[in-house]
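The values are calculated or read from the model by the stated rules, or taken from the named source; none is laboratory data. None of the values given here were measured: they were computed from a predicted structure. Methodologically, a virtual Cβ is constructed for each residue, glycine included, from the backbone with ideal geometry; neighbour enumeration extends over all protein chains shown. Quick note on the areas: whole protein, heavy atoms, side chains included, nothing else; ligands and nucleic acids left out. Shrake-Rupley method; radii C 1.70, N 1.55, O 1.52, S 1.80 Å.
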Amino acid sequence: VAWATPLFLALCMVEFADLIFAVDSVPAILAITDDTFIVYTSNIFAILGLRALYFALAAMIHRFAYLKYALALVLMFIGSKIFLVNIIGKIPAVISLSVTAALITGGVVVSLWKTRNQPGVKPLRTIPRGRP
């Protein structure tokens, strides 16, 4: 294969990782719905949006110092839901989504608040006016 370069190999590996991510999410979406249209479209959007989300957050990842702790709390909450389903019953989806959204939002807000005065951290720019 004379036309394959290392950059092509890197692109293939990134696409393969996207494909594995999408296939890995199939059991999760099937646990929610049996509608094949929703299963297909959610995986297509997962593949398309994953790279855009990565590049959008890659420039700001240093600002999200506490996000990993928030994600750890989300995983602990989901694990406790699975454990407690036989004891207290199923937790409503609205409560689960609210707790998850609150934990992630809290992690982002605390991270942005704690890193607001760190050297090397520039605020988000708005649309530039005039010449730079």
Discussion item. Given the criteria assigned to a helix (DSSP H, G or I), more than 25 Å from Thr105 (Cα to Cα), at pLDDT below 80 and under 21 Å from the mean Cα position of the chain (by Cα), does Leu50 qualify?
Written reply: no
Discussion item. Being modelled with pLDDT of 80 or more and either open to solvent by less than 50 Å² (accessible area, probe 1.4 Å) or more than 20 Å from the chain's Cα centre (by Cα) (or both) narrows it down to one residue among Val121, Val74; which is it?
Written reply: Val74
Item to complete: Name, by its number, the condition in (1) farther than 22 Å from Pro27 by Cβ; (2) out of contact with any Ser or Thr (no Cβ under 6 Å at 6 or more places or on another chain); (3) modelled with pLDDT of 70 or more; (4) aliphatic (A, V, I, L, M) that does not hold for Leu57.
Response: (3)
Item to complete: Report the residue count in region 77-97 for those that are of a type outside the set (Gly, Ala, Ser) and open to solvent by less than 90 Å² (accessible area, probe 1.4 Å).
Response: 8
Practice prompt. Kindly provide the set of residues from region 98-115 that are surrounded by 15 or more Cβ atoms within 10 Å (Cβ to Cβ), farther than 21 Å from Thr33 by Cα and either over 20 Å from the mean Cα position of the chain (by Cα) or polar (S, T, N, Q) (or both), ordered by number.
Written response: Ser111, Thr115
